[in-house]
Amino acid sequence: DSGVTQTPKHLITATGQRVTLRCSPRSGDLSVYWYQQSLDQGLQFLIQYYNGEERAKGNILERFSAQQFPDLHSELNLSSLELGDSALYFCASSGPRGAADTQYFGPGTRLTVL
Amino acid sequence: GDSVTQMEGPVTLSEEAFLTINCTYTATGYPSLFWYVQYPGEGLQLLLKATKADDKGSNKGFEATYRKETTSFHLEKGSVQVSDSAVYFCGRGFLPAGGTSYGKLTFGQGTILTVHP
């Protein structure tokens, strides 16, 4: 158990819908990261938040947004969903040293868009 | 940009065989290097890491050495077990000179390892 929790574990929805994925980091970790894992794109970094502020951005679509709240939990919002958004979405957290720190991954949310 | 290239899989071995999974990275900035393992139906777990040139990371019999001259971080294990069957990801972090808290990890495409009894 990494100490990172993600909800829900599975999510099935239809095209055009909007969903919210939730992540709670390990106790004391200030950084939260979101990754997307799909068969064709592999494991891709989406976005990082550090203590409530956006810190780094990767290949995140404009239909996707995220935020980190004062209690440090984070939410990833996916809207106008398309079939190609079906993937595993992982959240990870780390301490203050960013890329020099180990990132601890949650169990993931599997999103299926029908 | 940042990239990581991993040995193509899948890799199939018999128990107690020697394992090597090759990984090379682009040498921009001052990356930390990681190997993560993903067991079926689970998230990624850190296997080992190295933060500077010539560092050797090791854990559970796995080893990898940060080779700056060849920009490589190959994963090795002397004797694999059936329980090592999983997907292995090589990753590099990006830490700009003088920068902190930037945490993007770039991963290779993953290598599926299957170990038979």
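Run down A:Gln44, A:Gln17, A:Gln48 and say which single residue is in contact (Cβ under 8 Å) with a residue 60 or more places away in the chain and of a type in the set (S, T, N, Q).
Values: A:Gln44 fails: in contact (Cβ under 8 Å) with a residue 60 or more places away in the chain; A:Gln48 fails: in contact (Cβ under 8 Å) with a residue 60 or more places away in the chain.
Sole residue among the options that is in contact (Cβ under 8 Å) with a residue 60 or more places away in the chain and of a type in the set (S, T, N, Q): A:Gln17.
Criterion first (modelled with pLDDT under 95 and either within 14 Å of another protein chain (Cβ to nearest Cβ) or more than 25 Å from B:Lys52 (Cα to Cα) (or both)) does A:Thr102 satisfy it?
On the way: modelled with pLDDT under 95: yes; either within 14 Å of another protein chain (Cβ to nearest Cβ) or more than 25 Å from B:Lys52 (Cα to Cα) (or both): yes.
Against the criterion (modelled with pLDDT under 95 and either within 14 Å of another protein chain (Cβ to nearest Cβ) or more than 25 Å from B:Lys52 (Cα to Cα) (or both)), A:Thr102 qualifies.
Would you mind finding the one in A:Gly42, A:Gly95, A:Gly52 that is at pLDDT below 95, buried (at least 17 other Cβ atoms within 10 Å of the Cβ) and within 13 Å of chain B (Cβ to nearest Cβ)? It would help to see each step written out before you state the result.
On the way: A:Gly42 fails: buried (at least 17 other Cβ atoms within 10 Å of the Cβ); A:Gly52 fails: buried (at least 17 other Cβ atoms within 10 Å of the Cβ).
Result of the check over A:Gly42, A:Gly95, A:Gly52: A:Gly95.
Going by the structure shown, is A:Leu78 over 16 Å from A:Ser2 (Cα atoms), buried (at least 21 other Cβ atoms within 10 Å of the Cβ) and among the aliphatic types (A, V, I, L, M)?
yes
Answer yes or no as to whether A:Ala66 is modelled with pLDDT of 95 or more and in contact with a Phe, Trp or Tyr (Cβ under 9 Å, 6 or more places away or on another chain).
Criteria met by A:Ala66.
Quick check on my filter: what residues within the range A:35-84 are closer than 23 Å to B:Val87 by Cβ and either over 14 Å from the mean Cα position of the chain (by Cα) or charged (D, E, K, R) (or both)?
Correct list: A:Leu39, A:Asp40, A:Gln41, A:Gly42, A:Gly84.
Quick grid of which residues meet (1) within 11 Å of chain A (Cβ to nearest Cβ); (2) modelled with pLDDT of 95 or more; (3) within 27 Å of A:Asp1 (Cβ to Cβ):
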site	(1), (2), (3)
B:Ala27	no, no, no
B:Trp35	no, yes, yes
B:Pro40	no, no, yes
B:Lys49	yes, no, yes
B:His74	no, yes, no
B:Val82	no, yes, yes
B:Gly110	yes, no, yes
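If you go through the range B:63-87, how many residues are over 21 Å from B:Thr106 (Cα atoms) and not charged (D, E, K, R)?
7
For the list (1) at the interface with chain B (Cβ under 10 Å from one of its Cβ atoms); (2) out of contact with any Gly (no Cβ under 8 Å at 6 or more places or on another chain); (3) surrounded by fewer than 21 Cβ atoms within 10 Å (Cβ to Cβ), I need the number of the one condition that A:Tyr35 fails.
(3)
Only residues that are more than 16 Å from B:Leu44 (Cα to Cα) and hydroxyl-bearing (Ser, Thr, Tyr): list them for the range A:1-23, please.
Selection gives A:Thr7, A:Thr13, A:Thr15, A:Thr20.
Yes or no: A:Arg63 among the charged types (D, E, K, R), within 11 Å of chain B (Cβ to nearest Cβ) and in contact with a Ser or Thr (Cβ under 7 Å, 6 or more places away or on another chain)? Spell out how you get there, then give the answer.
On the way: among the charged types (D, E, K, R): yes; within 11 Å of chain B (Cβ to nearest Cβ): no; in contact with a Ser or Thr (Cβ under 7 Å, 6 or more places away or on another chain): yes.
In short, no.
Checking the structure you have, find out if any residue of the range B:9-21 is touching a Ser or Thr at 6+ places or on another chain (Cβ under 7 Å), surrounded by 15 or more Cβ atoms within 10 Å (Cβ to Cβ) and farther than 23 Å from B:Pro117 by Cα.
No; the residues of the range B:9-21 include none that is touching a Ser or Thr at 6+ places or on another chain (Cβ under 7 Å), surrounded by 15 or more Cβ atoms within 10 Å (Cβ to Cβ) and farther than 23 Å from B:Pro117 by Cα.
It is to be established whether one or more residues within the range B:96-104 are in contact with a Phe, Trp or Tyr (Cβ under 9 Å, 6 or more places away or on another chain), assigned to a loop (DSSP other than H, G, I, E, B), modelled with pLDDT under 85 and surrounded by fewer than 17 Cβ atoms within 10 Å (Cβ to Cβ). Let's see the steps before the verdict.
Quick first cut of the range B:96-104, residues in contact with a Phe, Trp or Tyr (Cβ under 9 Å, 6 or more places away or on another chain) only: B:96-97, B:101-104.
Adding the requirement that they be assigned to a loop (DSSP other than H, G, I, E, B) leaves B:96-97, B:101-104.
Narrowing the set further to residues that are modelled with pLDDT under 85 leaves B:96-97, B:101-104.
In the following step, the residues that additionally are surrounded by fewer than 17 Cβ atoms within 10 Å (Cβ to Cβ) were identified as B:96-97.
Yes: the range B:96-104 contains one or more residues that are in contact with a Phe, Trp or Tyr (Cβ under 9 Å, 6 or more places away or on another chain), assigned to a loop (DSSP other than H, G, I, E, B), modelled with pLDDT under 85 and surrounded by fewer than 17 Cβ atoms within 10 Å (Cβ to Cβ).
Taking A:Pro70 and the conditions (1) more than 14 Å from chain B (Cβ to nearest Cβ); (2) crowded, with 17+ Cβ neighbours inside 10 Å, which numbered condition does it fall short on, given that it satisfies the others?
A:Pro70 satisfies all of (1) more than 14 Å from chain B (Cβ to nearest Cβ); (2) crowded, with 17+ Cβ neighbours inside 10 Å except (2).
The values are calculated or read from the model by the stated rules, or taken from the named source; none is laboratory data. Model, not experiment: these values are computed from the prediction. Neighbour counts run over all protein chains shown; Cβ positions are idealised from the backbone, glycine included.
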